[in-house]
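Take a look at the structure set out below.
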Amino acid sequence: MPVVTAPSEIDLTVYPDECDAFGHLNQASFLSLFERARWEMLARGPGMDVFTRHGTWPAVRKAAINYHAAAFPGDVLRFHQALTHHGRTSFTLRQTTRRVKDDALISTAEFVFVCVNREGRPTPVPAEFGEFMGAGSAPRSDARRITVNGVSLAVDVRGEGPAVLFVHGYPLDRTIWTPQLEALEGWRRIAPDLRGMGQSDAPDLGYSMATYASDLAALLDTLGIERTVLCGLSMGGYVVFEFLRRWRNRVSGLVLIATRAEADSPEARRARDAAANEAREGGARVIAEAMLPKLLAPGAAGVLVERVRSLIAAIPVPGIVGALGAMRDRPDSTALLPTLGGLPTLVIAGGDDQLIPVSQTTAMAAAIPGARLVVAPGAAHLPTLETPSIVTDALRSFLGTLV
Ligand code: MLT
C-alpha cells in the first residue's frame with residue numbers, strides 16, 4: 001500500500017447556527033468542528049472506517065480546549081492535526097485552529113483517545129492509522145513518552161554509557177541537539193522536550209525554573225540515572241543552574257552553551273510580558289518571526305532558517321507564555337558560579353550571538369573555576385545547529401576527560 005502523508009490541515013467554514021446571540025462561534029460547536037476536522041482528515045487518507053475495519057473505535061478519554069480568540073459566521077478556520085503520542089492502545093492528537101484570512105490563533109486542543117472493542121476493552125491502535133499520521137514526522141519517531149510530575153514529556157533517549165542530559169532553550173525543542181545526539185556514541189544521550197515545548201504536554205499553568213528542574217530530576221529517576229553530565233543551552237542553562245542549586249550531587253559535569261547567569265533586568269522583564277501578550281494574540285508564528293533574526297546568524301542557510309521557523313511555529317502558546325514567565329522570574333545565579341570549582345565545566349559561546357553576547361558568556365566562564373571556553377565563530381545563538389561540528393567536537397573532547 002502506498003504511504004499516504006496525513007493531510008494535517010483541514011479548512012472548515014463557521015455557520016450562523018454554530019454561533020451564540022453575539023455571533024461568536026459557540027464553545028460547544030468548537031468540539032464538533034474539531035471532530036469534523038479529524039474525520040475529514042481520515043476521509044482524505046485511509047478512510048473514515050480505518051478504525052472499524054480493524055474492529056476498534058477511538059473513544060475520547062480526555063479533551064482539553066483553549067479558546068484564544070472569537071470566530072464569526074463566514075470565517076474559514078484552518079484545523080491543523082498532529083499526533084503527539086502513539087501508545088499501544090491510546091494516542092493523543094493536538095489540534096490547532098487559525099483563521100485563514102488573518103492567521104489569528106483561535107483555539108488549541110488536545111484529545112486523548114483509547115481504542116476499544118465492542119466490549120469496551122482496550123485494543124491496539126490500528127497500525128494503518130499510526131503510519132498515516134506518522135508519515136510526515138518519521139524523523140521524530142525516536143521520542144519516548146515519560147510522565148513526570150503529572151506531565152507527559154517527549155524524550156529522545158539514545159545509546160549506552162554514562163548519562164548526558166541535554167536541555168534546550170526557548171522557544172525550541174529537543175531537536176536543536178540532533179547533531180550531537182547522533183554523534184556522541186559511548187554516552188547515554190537524553191534530550192527531553194521541556195514541558196510546554198515540542199511534543200511534550202503543555203499545561204496552561206505551572207511553569208518556573210524550579211518546575212523545569214524538578215521535571216528533569218524526576219526524568220532521571222524514571223530512567224534509573226543517579227548522576228549525569230548536564231548540558232544546557234540558553235534557557236536550558238537557566239534550568240541547569242536551578243538544578244545545580246537543588247541536586248548538585250547528581251551532576252558529574254557541566255556544559256553551558258550561549259547562556260548567562262544574570263537575572264533579567266527590569267526592562268527585560270517588561271519585554272517578557274510584552275512577548276507573552278504577542279504570543280497570546282498572534283500565536284507562535286509571531287514569536288518565530290521575532291526570534292529568528294536573533295537566533296541565527298545573518299548568513300544562515302535557508303533550510304536551517306525554515307527548520308527553526310517551523311519548529312518555533314509548532315510550540316504551544318501556553319508553553320511559550322509559561323517559559324517567558326519562568327525566565328522573567330528566574331533568580332540571579334552569578335553567586336553560584338565561584339562555588340562550581342571541582343565540577344568539570346565547558347562553556348560554549350556563539351561568536352555572533354546577539355541575544356547573549358559572547359562577552360557575557362566569556363565573563364561567566366571566567367567566574368567558574370577551571371571552566372574551559374570554546375567560541376564558535378560564525379554561530380549566533382544556536383551553535384548546536386549552526387556550527388554543529390564545532391560543538392560536537394568540543395563536547396566529545398570534554399566528555400573524554402570525564403571517563
Ligand atoms: C533562549 O534561547 O533560551 C532564550 O532566548 C533565552 C532568553 O531569552 O533569555
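The values are calculated or read from the model by the stated rules, or taken from the named source; none is laboratory data. In this text the structure is predicted, and so the values were computed from the model without any measurement. Backbone-built Cβ (ideal geometry, glycine too); neighbour counts: all protein chains shown.
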Identify all residues within segment 184-224 that are within 16 Å of the ligand (Cβ to nearest atom), under 13 Å from residue 157 (Cα atoms) and not charged (D, E, K, R); write none if there are none. 191, 192
Qualifying residue in segment 165-183 (condition: assigned to a loop (DSSP other than H, G, I, E, B) and more than 16 Å from the ligand (Cβ to nearest atom)): no
Going through (1) more than 12 Å from the ligand (Cβ to nearest atom); (2) within 30 Å of residue 201 (Cβ to Cβ); (3) not in a helix (DSSP H, G or I) one by one, residue 349 fails only at (2)
Sole residue being in contact (Cβ under 8 Å) with a residue 60 or more places away in the chain and part of a helix (DSSP H, G or I), chosen from 53, 94: 53
Any chance you could count how many residues in segment 150-198 are surrounded by 23 or more Cβ atoms within 10 Å (Cβ to Cβ) and on the phi > 0 side of the Ramachandran plot? 2
Please determine whether any residue of segment 319-332 is surrounded by 15 or more Cβ atoms within 10 Å (Cβ to Cβ), modelled with pLDDT under 95 and within 12 Å of the ligand (Cβ to nearest atom). no
Tabulated pairs, segment 272-297, first touching a residue at least 12 places away in the same chain (Cβ under 8 Å) and under 24 Å from residue 386 (Cβ atoms), second small (Gly, Ala, Ser) and part of a loop (DSSP other than H, G, I, E, B), C-beta under 6 angstrom, 6+ apart or interchain: 296/380; 297/380
Selection within segment 208-227 - hydroxyl-bearing (Ser, Thr, Tyr) and surrounded by fewer than 24 Cβ atoms within 10 Å (Cβ to Cβ): 208, 211, 214, 222
What's the number of the only condition in (1) within 13 Å of the ligand (Cβ to nearest atom); (2) of a type outside the set (A, V, I, L, M, F, W, C); (3) under 16 Å from the mean Cα position of the chain (by Cα) that residue 310 fails to meet? (1)
Kindly provide the set of residues from segment 46-90 that are among the polar types (S, T, N, Q) and loosely packed, with under 15 Cβ neighbours inside 10 Å, ordered by number. 52, 89
